[in-house]
Structures are given as C-alpha cells and as structure tokens.
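Undergrad: Let me begin by handing over the structure; questions about it come next.
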Amino acid sequence: MAPNENGEVLRFDLEDVFDPADPDFERELLLGLNILQESTGGSGVFPSDATPEEVLASRMVDWVIFPPGTSYAVYTRSFERMPGLTDEGRRIVMERRQLLEGMGPREIVLGQAFGASAYFGAVFRDDLV
C-alpha cells in the first residue's frame, strides 16, 4: 500500500472479525476479500490489531500469471515493458528464461514494480515463488 502523490492513504476495513476456528472461516474471508477487491481494486489481510505503520509497510505486486506452455508470452510481454532493451539484454533475458524453465516451474509470472520495471519469476509450489 503506497501513499498517493499527496502522501495520503485511503484504507477500507471490514467490520467482520474472521475467526480461523470458525468452520466457514475460509469462505467468509474470501467473500470479504472479494467485496474489497471489487469495490476498491485492492485487498489485503492483516491482523485486527495491525498498526497503520504495519499496513503501510505491506507491498502490493502486479503479477500476470501464465500457465505452463505459454512462457514465451511472458518474455514477449516483458520486452514491451522494457523500452530501450538492447539485443544483448534480450539475449540475457532469454537465457534466464531457459534456465528458469529448466527447473520445472508450475507457472511463470510477469510482474511490474517500481514504475516501469518489469520482472519475471516462477511458481514452483504454493510456498515457493
């Protein structure tokens, strides 16, 4: 979550308390996240006692997920996000693509952070990106 150009942050909270011991916890949490996502374009999960500083310290990522077998699209799209990339730079990106794909990822991700910088990565397991 980042402040706007005036240094302001707008935060929306749901009043519901989501109890992990509740049998409907996951369903209710996902419903709450969907409501926030559709209403504001973003959502996140924080403990109910999270301070404003902790919330502001979180990062939002802009990832595009590509299924296996479509990785060429990732790199073509990443080139569009990197104006001025030299032929040598493209060659290096493609070498890294081959190395990454040789590791057997489940999915390839294309991300964008810090303005116009593009990056790619891979999802190997639910707990390893």
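Undergrad: From the list E5, E28, E54, E15, which one is among the charged types (D, E, K, R), modelled with pLDDT under 85, farther than 17 Å from L110 by Cβ and surrounded by 11 or more Cβ atoms within 10 Å (Cβ to Cβ)?
TA: Going through E5, E28, E54, E15 in turn, just one is among the charged types (D, E, K, R), modelled with pLDDT under 85, farther than 17 Å from L110 by Cβ and surrounded by 11 or more Cβ atoms within 10 Å (Cβ to Cβ): E54.
Undergrad: Also: From the set of residues in region 11-30 that are among the hydrophobic types (A, V, I, L, M, F, W, C), assigned to a loop (DSSP other than H, G, I, E, B) and without any contact (Cβ under 8 Å) to a residue 24 or more places away in the chain, which is farthest from E53 (Cα to Cα)?
TA: If we take residues in region 11-30 being among the hydrophobic types (A, V, I, L, M, F, W, C), assigned to a loop (DSSP other than H, G, I, E, B) and without any contact (Cβ under 8 Å) to a residue 24 or more places away in the chain, then A21 is farthest from E53 (Cα to Cα).
Undergrad: Would you pick out the residues in region 80-99 that are in a helix (DSSP H, G or I) and surrounded by 15 or more Cβ atoms within 10 Å (Cβ to Cβ)?
TA: V93, R97 - these are the residues of region 80-99 that are in a helix (DSSP H, G or I) and surrounded by 15 or more Cβ atoms within 10 Å (Cβ to Cβ).
Undergrad: For region 31-51, give me each residue that is exposed (fewer than 10 other Cβ atoms within 10 Å of the Cβ) and either farther than 11 Å from D13 by Cα or without any contact (Cβ under 8 Å) to a residue 12 or more places away in the chain (or both).
TA: E38, G41, P47, D49
The values are calculated or read from the model by the stated rules, or taken from the named source; none is laboratory data. Please read these numbers as outputs of a predicted model, since none were measured by experiment. Cβ atoms come from the backbone with ideal geometry, glycine included; neighbour counts cover every protein chain shown.
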